[in-house]
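Read-outs throughout are calculated quantities, based only on the coordinates presented, and are distinct from any laboratory measurement. Computed from a prediction, not measured in an experiment: that's the story for all the values here. For neighbour counting, all protein chains shown are included, and Cβ atoms are generated from backbone atoms with ideal geometry for every residue, glycine included.
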Amino acid sequence: MKLKKMDHVGIIVEDLESVKVFFNTLGLELIGEQNINGEWIDNIYGVDALEASIAMMKVPHDETAIELIQFRDQSSMTNKSLHFPRNIGASHFAFSVQNIEQIVEQLAATSSNVIGEITQFEDMYKLCYIKGPEGIYIELAEKLK
């Protein structure tokens, strides 16, 4: 067995359009959109007659993608868990950035906000958490050296 690379991260959303705007403002590119249904999606999620819209986005010059998934019938979604960067379980993913202050300012137009404040970790990074639409948490990390 050999793990080759990280392919994508999937995020279930209620409002695909607003989440696409958020990630586009952050600098991700839309690389594909599709409506999906059929036996294969029913099998992978274990739900009959499932229909969804997906959007694939990625950071320019990087292969790893973010898959945004909106189910047509939102009753097929399970209970909503409470997300916060301190809770147990998957909490966030991080982007390496340049000019963290400018990015935070641009994201403010998408109704996202900084959790805490931009802070410096030793002489290595400027860091912050952003709460985006639908409670999606990301970390921005600007390498200083």
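The table for this structure:
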{"item": "In the chain, lysine pairs closer than 20 Å at Cα, eight or more apart or cross-chain", "result": "8"}
{"item": "Segment SER96-VAL114, length gained on full extension (0.36 nm per residue, minus Cα span)", "result": "4.9 nm"}
{"item": "By average C-beta atoms within 10 angstrom, highest first, the peptides 53-60, 114-121", "result": "53-60, 114-121"}
{"item": "Distance histogram in 10 Å bins (all Cα pairs of region 93-143, percent per bin)", "result": "28, 60, 12, 1"}
{"item": "Computed magnitude of the charge dipole of region 8-75 (debye, nearest 20; Cβ of K, R +1, Cβ of D, E -1)", "result": "200"}
{"item": "Additional length obtainable on full extension of the chain from GLN34 to ASP62, 0.36 nm per residue less Cα span", "result": "8.0 nm"}
